[in-house]
Amino acid sequence: AQSVTQLDSQVPVFEEAPVELRCNYSSSVSVYLFWYVQYPNQGLQLLLKYLSGSTLVKGINGFEAEFNKSQTSFHLRKPSVHISDTAEYFCAVSSPSGGYQKVTFGTGTKLQVIP
Amino acid sequence: EPEVTQTPSHQVTQMGQEVILRCVPISNHLYFYWYRQILGQKVEFLVSFYNNEISEKSEIFDDQFSVERPDGSNFTLKIRSTKLEDSAMYFCASSEKVWGIFGPGTRLTVL
C-alpha cells in the first residue's frame, strides 16, 4: 500500500518570498511522484513529476521538487512566489502495477500568497 | 496540447436519481480513471479502466457505481441512485503510461 502525507494544511507566505511545501510518502515498492495544483474552482493540473533519473525535477511556473529516497520525501519549492500561485497543491504517488497506475493523493496544502 | 474534457461542468440532481457523468479522454491513452473530491477533502481514487474492463476499484466504488466506454471515445461514470453524500467534484483522468492527465471535473450536487 502507498500513502502520502502533506504535513501542512495551509502555508501563508508573502509575495516574492520563497516557499517549501512538504510531502512525505510511504511505499513498499519503487514510486513515481507528482505534484498537482488546483486553482480555485478548477481541476487538477500537473505541476511536475518524478519518474526516474535526476532527483531534482523542474516543473511549470518556476516550481521544482527534490526526490529524497532516504527521507522518503518530495518537497516542492519555489524561490519567489507570486499572487497567482495562490492555490491548493497536492502531492501524489503511484507505483507501476499490472500495467496500470493508480494515483494516491495527499490531503493538500493551501498556499496563500500575501501581497 | 491534448486535454481531457468532462461534461457537464455542474450537475444538480435529486436524491435517488440516476446521473451519468461524461468524459472524453485523450485519444491515444489506454488507461482511464475516475476520482472524486468531496468539498474540503482530498482527492480519492474511485476506479481504473483498461482494455474495456475495470482494472481496480476502491471501497467507495460500490454497486451504485458503474463505468463504461460506450463508443470508443467517451468514458462514463453512472451513479444509479444518488445519495446526499455523493455530492462532490468528480474528476476523470486518462494516461498513456505512468501519469494521469486530469479533466476539469464535474461538480455533482445531490439535493
Quiz item: Which ones in the stretch B:69-94 are in a strand (DSSP E or B) and either among the aromatic types (Phe, Trp, Tyr) or buried (at least 19 other Cβ atoms within 10 Å of the Cβ) (or both)?
Solution: B:Phe75, B:Leu77, B:Ile79, B:Ala88, B:Met89, B:Tyr90, B:Phe91, B:Cys92, B:Ala93, B:Ser94
Quiz prompt | strands (runs of 3 or more DSSP E) (entirely within the stretch A:12-115) containing at least 2 residues that are of a type in the set (Phe, Trp, Tyr) and within 27 Å of B:Tyr33 (Cβ to Cβ) | solution = A:32-38, A:87-94
Quiz item: Can you name the residue in the stretch B:12-57 that is more than 10 Å from every other protein chain (Cβ to nearest Cβ) and of a type in the set (Ser, Thr, Tyr) and, of all such residues, is surrounded by the most Cβ atoms within 10 Å (Cβ to Cβ)?
Solution: B:Thr13
Quiz item: Just checking, which of B:Ser66, B:Ser9 is touching a residue at least 60 places away in the same chain (Cβ under 8 Å), surrounded by fewer than 16 Cβ atoms within 10 Å (Cβ to Cβ) and in contact with a strand residue (DSSP E or B) (Cβ under 9 Å, 6 or more places away or on another chain)?
Solution: B:Ser9
Exercise. Mind listing just one residue for me: the one in the stretch A:14-53 that is of a type in the set (Gly, Ala, Ser) and touching a residue at least 40 places away in the same chain (Cβ under 8 Å) and, of those, nearest to the other protein chains (Cβ to nearest Cβ)?
Key: A:Ser30
Quiz item: Which numbered condition trips up B:Lys97, out of (1) within 13 Å of chain A (Cβ to nearest Cβ); (2) in contact with a strand residue (DSSP E or B) (Cβ under 8 Å, 6 or more places away or on another chain); (3) part of a loop (DSSP other than H, G, I, E, B)?
Solution: (2)
Quiz item: Which is crowded, with 17+ Cβ neighbours inside 10 Å and more than 14 Å from chain B (Cβ to nearest Cβ), of A:Phe67, A:Phe105, A:Phe90?
Solution: A:Phe67
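Here, each number is a calculation from the coordinates, and none is a lab measurement. Note that this is a predicted model, so its numbers are computed, not measured. Virtual Cβ from ideal backbone geometry, glycine too; neighbours counted across all protein chains shown.
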